[in-house]
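> Dropping a structure here in C-alpha cells format, bear with me for questions.
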Amino acid sequence: MNYSNSQRAGVILYLTALLFGGYDGATLDIPEKNEITGIKEALVALKEETYEEKTDFLDFFKSKSSTEPKELVRVEICYFEKWREKAIELIIPIAAQYISENQQNLQNYYDELANQYHEKLSLLHDFKMDEKTCIASQLSEDERMLQADNDWLVALKDQLTKIERG
C-alpha cells in the first residue's frame, strides 16, 4: 500500500505516543451554571397595581346614565420595557463577571497546556539527544575497534615482510 506523508507522520506520532506514554493534557475548569438570584423578585416588584371598574358584557346594554357604583377590580400591569431595563441592569454585571472568570480559566488552561506540552517536548528532546549521544559513542567505539583491527593487520603485514626479507 502507498501511504501519503501525512499518513506516515500520523502513524509515527501514534507509535511514538505508544512508546513514550500518552500525552496527558491539562484539565479545563468550567464553573457550574450560574444562577442569577433575586431577579424574579426584582421584576415582580416592577408591576403596577391599579383598580379599575369592572366591565361586563351586559354593561354594554345598560344605559350610560346609570348611577349605580361599579365594582372595582385590581389590575396588575407589567411593562416589558421596564423589565428589560431592570434585567439588563441586573444581568450585565453578573454576565461580565462570568465571562471574565471563564476567560481567565481559559487563559490558565492554555498556559498550563503550553507548559505541559513544553515539558513533554523537552523530555522527548532530551531522550533523543541521549539516544544520539549513545549512538555517537557507539560509532566512536566501533571506529576505535576498526582502527585497532587495522593497526594489528598493518603490524602483522610488517612482521610478514620482515620475515620474508629475513
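The values are calculated or read from the model by the stated rules, or taken from the named source; none is laboratory data. In this text the structure is predicted, and so the values were computed from the model without any measurement. Using ideal geometry, Cβ is built from the backbone for each residue, glycine included, and neighbour counts are taken over all protein chains shown.
> Which pairs turn up if I take residues in the range 79-103 that are in contact (Cβ under 8 Å) with a residue 24 or more places away in the chain and surrounded by 14 or more Cβ atoms within 10 Å (Cβ to Cβ) and look for partners that are hydrophobic (A, V, I, L, M, F, W, C) and in a helix (DSSP H, G or I) with beta carbon separation below 8 Å, at least 6 apart in sequence or on another chain?
Correct list of pairs: TRP83/LEU43; LYS86/ALA42; LYS86/LEU43; ALA87/ILE39; ALA87/LEU43; LEU90/ILE39; LEU90/ALA42.
> Can we say LEU43 is modelled with pLDDT under 75 and surrounded by 10 or more Cβ atoms within 10 Å (Cβ to Cβ)?
No, not satisfied.
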